[in-house]
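Written out below as structure tokens is the structure these notes cover.
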Amino acid sequence: MFSFDLLANGLVAGILLGGFYAAVAIGLAITFGQLDIVNIAHPAFVIVGSYIAWILNSRLGLDPVLIGVMVAPVFFFVGAAIYRIYYAAFERTGQESLSGLAFFFGVMFIIEVALILVYGVDYRLVTTGYIGKTIEIGVVGIPLRMAVPFLVASALTAGIYLYLSRTFMGRAILAVAQDRLALQLMGADPVRIKQFAFGLAIATTAVAGALLIIIGPVEPSVGRQYIGRVFAIVVLGGMGSIPGMFIAAMILGVAESLVASFMGPSWAPAVAFGLLLLTLAVRPSGLFGRQ
Amino acid sequence: MSRIVLRAEGITKRFGGFVALEDVVLHLASGERLGLIGPNGSGKTTLINCISGALVNDEGSIEFEGRDITRLPPHQRARLGVARTFQIPKPFRSMSVLENLRVPLEYAAWSRAEHRRITEEAMELLELIGLKHCAGASSGSLTQVDMRKLELARALAAKPRLLVSDEAMAGLSSSEVDEILETLFALNRRGVAVIMIEHVMRAVMKFSERVAVLVAGRKIADGDPQAIAADPNVIKAYLGE
Amino acid sequence: MKISVFWGSIALVFLAGLGLTQTAVNPYYFNALYVILQATIMAVAWNILGGFTGYVNFGSAAFFAVGAYTSIALDKALGLPLPLLILAAAAVCGLIGLGVGYLTLRLKGVYFAIATLAMAIVIETFVNNWSYVGGARGVYILTPEKHLWFDTYIEMLFVVMLGLTLAAVAISRQLNSSRLGRGLAAIRDDELAAECAGVPTLRLKLVSTTVMGAMMGVAGAPYPFFVTFVDPISAFNLFVAVNAIAMPMIGGTAHWIGPVIGALLVGSLQEIITVTISSELNVLLVGIMLVLFITLAPQGIVGLAQKLHRRIFR
């Protein structure tokens, strides 16, 4: 049942989706890619961002993207606090792998269940002027509810990439993963830098969550579908490479979109995880990663 | 002419663009005591990693007792009789000192050990190295010195025929250095070939029958210890231009 | 614990279970106990790879569910009796454990953990699309007629599960205190040092994943007959995976008795809460307990007991 229309729309949808996925994954690209912290609860924070966007959008009528940006600083401090706990409990004693993973697993659960207990399992959505509108270009339709997140996500990715490569703090974050000693000799405190980086990563989830709920309705367990996606993107892109992450997000978006178009949406979840497994088996350092 | 127990030929190892070892040749006769010296970062530990199997060399071959071990994983080399210590001790922290020794006795030395006497053999080793008094202590709570000794004891427990000691004496006092030396001599008397990587020159000179020098991944000298000590190239490498 | 004390306790517990089937009036107890026993097997199994060997597995639900679905498929196709279904599930899940291990155990522990999660979702997607066993809609299982000399089917299932649990605990204990177990502990403490001490790390890790997979499959095999309706969402439930991790971590991962303690404690707590308040609260509780124990008492209850013991007998 192949048609050019289907292919073209699938590709475009995939690209838009991929851009959005980059927004969700960029926080993990920092925590996992740079800091080697396996924050499996990352998508759960995104869902929290979605819920906050829903609450403020339905109460005050604000645009979700605006809400995301406004709430980001709060998320930053929450992230910094969580890193403090993580550091005190695990990194300092060198117990990272087993316990750290399980710690975030537990955090993920607490967040998801807390949301269920407070808001129930109903789908929530936001209303804006542009959701529901589509721009037609030839045979291809570009839904605005996907185009806006794509643009915001691209801006977010570019912004963080520039921040990490141009500013002092940004470069310190890149350095802390590779050479703690040099950093300490320069007088910078690795712990504070990691704390800042983690806070930054969680701050991005505020925006990502807002974008998520623009694209479609959200309920608490939606976060779990994204665990595979974000890890697949970060690993495929190559740990520590932001441009690699963006390209990997595109690849995932297009792959999922085409699979959904031609094989049916029930196969889509397997795409991300299958891609992840393939990458781990064949080339664990990803497309652009450091060795 | 005694048997060649270790024959490393043309060992080259690269990390990305960085050449850590270049065309290194190293032979060791049965029961020989070799000192391996060189400035920091010259590739000594990398060479040891290639010999023990923790790393795979990009080029070259390694033969142990006539058998090609180039592609063998570390655990099989250990079973054949290649043992090494780690520069920074890596004890099995959840185990006691005694239990730390059980692992190599039960695995690397399994074909050479008497299965019913494992615990006794472990205790004998602890006595030899002077750790008997803390046999039941948690290995993570040892002092630096004792951890070094445990590291060595664990290598001995593998009943090796080649032992590589990687800077076992760093930071030890003079009498502690002598203790370790005595243990290595005792081991050597039993027929074990020893490669000693050290910066403590007194120990290297006293212990080695032969000295090899690595600088920037290349072997620049190999021969009599006194001659090496007087070699102007070696002196320059250590003191810089 | 001495061998004689251990086997004595095992026999005692089994007899007590049999006794319960004769004396208990309310069938609810068997339902509750079945759930706790199932959780115990999962916790013990998880701990073999997680606690003994140090590799975190997030995909426990997949092994459990495949065990359940193997049961369903073979029951539907061949009408095999329960013991054979259990064996088949053990074989299938053991093979899956071996396969997944072979593909991913060469990676660092962190990547392995993520890979297990990925594997679980991929398997779930396949089962979701497999209409023979009901696909996404799920499938109904009829309660079999035969229940041997027991009064009801659930009593028989309970005794079967009890036997399986005790076997799992015995296997786990054997692993913990054997040469194999010491090799696993060495891998957990320092894989490179273990390898250089002669421990064939890859082979032992594969043994670990295979045993774990098989055990979890066994835990899942009787499940369809217990719940009578199975669909991918309930079978691949992440709650199963959290419990499999939380119970050993709360109980203590280094010792074979840790997961047992954790499962009994947390499992009982969960049953009480489900009955008195709600089942959602269970998940929140497990999450909170997991986080608390990991950060404050990483050695679990066993670790706390050992510390207390040392303090008293200084």
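Most mobile of B:Ser173, B:Ser30, B:Ser138 per a Gaussian network model of chain B (Cα springs, under 10 Å)? The residue that fluctuates most here is B:Ser173. Beyond 31 Å in Cα-Cα separation lie the following of the pairs B:Lys236/C:Lys108; B:Lys90/B:Lys236; C:Lys2/C:Lys146; B:Lys13/C:Lys108: B:Lys236/C:Lys108; B:Lys90/B:Lys236; C:Lys2/C:Lys146. Farthest toward the positive end of the dipole of segment B:105-203, out of B:Phe185, B:Ser175, B:Ser138, is the Cα of B:Phe185, where the dipole comes from beta carbon charges about the Cα centre.
Within chain A, all pairs of alpha-carbon atoms sorted by distance into 10 Å bins from zero give the percentages 7, 28, 36, 21, 6, 1, 0. Each residue in B:Lys90, B:Lys44, C:Lys76 was given a count of other beta-carbon atoms within 10 angstrom of its own, and listing them fewest first yields C:Lys76, B:Lys90, B:Lys44. Kirkwood's formula applied to the C-alpha pairs of segment B:2-62 gives a hydrodynamic radius of 12.1 angstrom.
Put simply, the Cα atoms of segment C:140-243 extend 56, 32, 19 Å along their principal axes, the longest span coming first. Could you work out the relative contact order of segment A:25-109? I mean the mean sequence separation of Cα pairs under 8 Å and 6+ apart, divided by the number of residues, in percent. The value is 39 percent.
Can you give me the Cα centroid spacing of segment B:190-235 and segment A:247-265 in angstrom? Between the Cα centres of segment B:190-235 and segment A:247-265 lies a distance of 60 Å. Counting charges near B:Lys44 (Lys, Arg +1; Asp, Glu -1) among other residues having Cβ under 9 Å from its Cβ returns a value of -2. The tail of the calculated P(r) for segment A:1-60 beyond 14 Å holds 70 percent of all Cα-Cα pairs. Mind putting together the pair-distance distribution for segment B:115-234? All Cα pairs, 5 Å bins, whole percent per bin, short to long. It works out to 2, 10, 20, 21, 18, 13, 8, 5, 3, 1, 0, in whole percents. Largest first, the three principal axis extents of the alpha carbons in segment A:252-291 are 37, 15, 11 Å in whole numbers. Per residue of peptide B:85-92, the mean number of Cβ atoms on other chains within 10 Å of the residue Cβ is 4.
The Cα trace of segment B:123-172 gives Rg and Dmax of 10.9, 30 Å, the first to one decimal, the second as a whole number.
Within the listed set A:Phe105, A:Phe196, A:Phe273, the residue fluctuating most in the Gaussian network model of chain A (springs between alpha-carbon atoms under 10 angstrom) is A:Phe105. The helix-based estimate of mean residue ellipticity at 222 nm for the protein assembly as shown, built from -39,500 (n - 2.57) per DSSP H run of four or more residues and divided by its residue count, is -20500 deg cm²/dmol to the nearest 500. When the alpha carbon coordinates of segment A:27-126 are projected onto the principal axes, the ranges are 47, 26, 19 Å, largest first.
The convex hull drawn around the Cα atoms of segment C:198-256, when projected onto a plane and averaged over every direction, covers 5.5 nm². Across C:Glu155, C:Glu145, C:Glu271, mean-square fluctuation computed from a Gaussian network of chain C (C-alpha pairs under 10 Å connected) peaks at C:Glu145.
Quotient of the Cα radius of gyration of segment C:13-92 and 2.2 N^0.38 Å, N being its number of residues: 1.34. Simple point charges give the picture: +1 on the Cβ of Lys and Arg, -1 on the Cβ of Asp and Glu, and for the protein assembly as shown a dipole about the Cα centre of about 880 debye. Among B:Cys50, C:Cys196, a tally of other beta-carbon atoms within 10 Å of each Cβ gives an order, fewest to most, of B:Cys50, C:Cys196. No solvent, one uniform scatterer per C-alpha: report log10 I(q)/I(0) for chain C via the Debye equation at q = 0.11 1/Å, two decimals. These q points yield log10 I(q)/I(0) values of -0.67. If every alpha-carbon in segment A:209-291 counts as one equal scatterer, what log10 I(q)/I(0) does Debye give at q = 0.12, 0.17, 0.18, 0.19 1/Å? One equal scatterer on each Cα of segment A:209-291 leads to -0.36, -0.71, -0.78, -0.86. More than 25 angstrom separation, counting every C-alpha pair in segment B:1-118; what % is that? Pairs farther apart than 25 Å: 31 percent.
What the Cα convex hull of the protein assembly as shown gives, in volume per residue, is 196 Å³.
Here segment C:7-71 and segment C:106-130 have alpha carbon centers that stand 23 Å from each other. A compact globular protein would have a Cα radius of gyration near 2.2 N^0.38 Å; the ratio found for chain B is 0.99.
Neighbour counts of C-beta atoms inside 10 Å place B:Arg3, B:Arg154, C:Arg106 in the sequence B:Arg3, C:Arg106, B:Arg154, starting with the fewest.
The numbers here are math on the coordinates, done by the rules we state, and not lab data. Please read all numbers here as calculations on a predicted model, not as lab measurements. Neighbour counts run over all protein chains shown; Cβ positions are idealised from the backbone, glycine included.
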